[in-house]
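For reference, the structure is listed below as structure tokens.
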Amino acid sequence: AGEPMSKEEQIGLIGELNAITSLLQYFTIDQLIEGWDETSRRQIDIVFEETLIECKTVGLDGIHVESSSINQFVSENYPIILAITEVLTDNESLILPDIVLNLLGEIGTQTTDHHSIALRNKVTSRYPLLLNHREYYHSRWQIGTFSCKIVNDDSIPAVFPSSVPGVFKVSSYLNKLKSPCG
């Protein structure tokens, strides 16, 4: 669509940064920033100490989140926190660079400017055109609700892969798990 990032990449970044902002009441900003894999190379988005946080986005009234692989929630360490951000398409809302700047500003007000700059550096190292070339972005987004769910070793996302024959691939499951953060 002529944008430097696909729509999936845009809403994924919104979800990850919104999760970091929203989880500040439960974890330190240093843990969240240092644990965040902005490159998306790891199976889980935020990992520090014994904590695993996977960030997902859904649309309006979304009841499904998609996993990047059938084994995404198969781990030796449980629980995994599933941080879910609702991201909506809205022609009256903001483009991605403005949303990112707002989230970085919010982090700066909740912590320090140093943390906001550290997070900004991680974002711009992964997406160098994001903040300096806002004219290339035209998709508009609105952040909706945020919720957390717990994936335990006996939860459907963790157990289900063992029941699927190797020839099938399944990439989504119902978002009906216990919630640790309201």
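So which residues in region 91-108 are open to solvent by 60 Å² or more (accessible area, probe 1.4 Å), polar (S, T, N, Q) and not in a helix (DSSP H, G or I)? Even if it seems obvious, please write down each step before you answer.
Initially, region 91-108 is screened for residues open to solvent by 60 Å² or more (accessible area, probe 1.4 Å), giving 91-92, 94, 101-102, 106.
Right, trim to polar (S, T, N, Q) and you get 91, 102.
Correct list: ASN91 only.
Within region 120-146, the set of residues being open to solvent by 30 Å² or more (accessible area, probe 1.4 Å) and either assigned to a helix (DSSP H, G or I) or under 18 Å from LEU32 (Cβ atoms) (or both) comprises ARG120, ASN121, LYS122, THR124, SER125, ARG126, ARG134, GLU135, TYR136, ILE143, PHE146. Of everything listed in (1) modelled with pLDDT under 85; (2) of a type in the set (D, E, K, R); (3) surrounded by 13 or more Cβ atoms within 10 Å (Cβ to Cβ), the single unmet condition for LYS169 is (3).
Within region 3-17, identify whether any single residue is in contact with a His (Cβ under 8 Å, 6 or more places away or on another chain), modelled with pLDDT under 95 and part of a loop (DSSP other than H, G, I, E, B), and answer yes or no. Within region 3-17, one or more residues are in contact with a His (Cβ under 8 Å, 6 or more places away or on another chain), modelled with pLDDT under 95 and part of a loop (DSSP other than H, G, I, E, B).
With SER139, SER116, SER75, SER67 as the choices, which residue is of a type in the set (Gly, Ala, Ser), in contact with a helix residue (DSSP H, G or I) (Cβ under 8 Å, 6 or more places away or on another chain) and without any contact (Cβ under 8 Å) to a residue 40 or more places away in the chain?
Numbers: SER139 fails: without any contact (Cβ under 8 Å) to a residue 40 or more places away in the chain; SER75 fails: without any contact (Cβ under 8 Å) to a residue 40 or more places away in the chain; SER67 fails: without any contact (Cβ under 8 Å) to a residue 40 or more places away in the chain.
The match here is SER116.
Close contacts from region 1-24, counting a first residue that is free of Cβ contacts under 8 Å to residues at least 40 places away in the same chain and a second that is hydrophobic (A, V, I, L, M, F, W, C) and surrounded by 15 or more Cβ atoms within 10 Å (Cβ to Cβ), with Cβ to Cβ under 6 Å and a gap of 6+ residues or different chains, come to GLU16/CYS55. Restricting the search to strands (runs of 3 or more DSSP E) fully inside region 44-90 and requiring at least 2 residues that are open to solvent by 50 Å² or more (accessible area, probe 1.4 Å) gives 64-66.
The values are calculated or read from the model by the stated rules, or taken from the named source; none is laboratory data. Model, not experiment: these values are computed from the prediction. Positions of Cβ are generated from backbone atoms using ideal geometry, with glycine treated the same way; all protein chains shown enter the neighbour counts. In case anyone asks, the SASA skips ligands and DNA or RNA and just uses the protein heavy atoms, side chains included. Shrake-Rupley method; radii C 1.70, N 1.55, O 1.52, S 1.80 Å.
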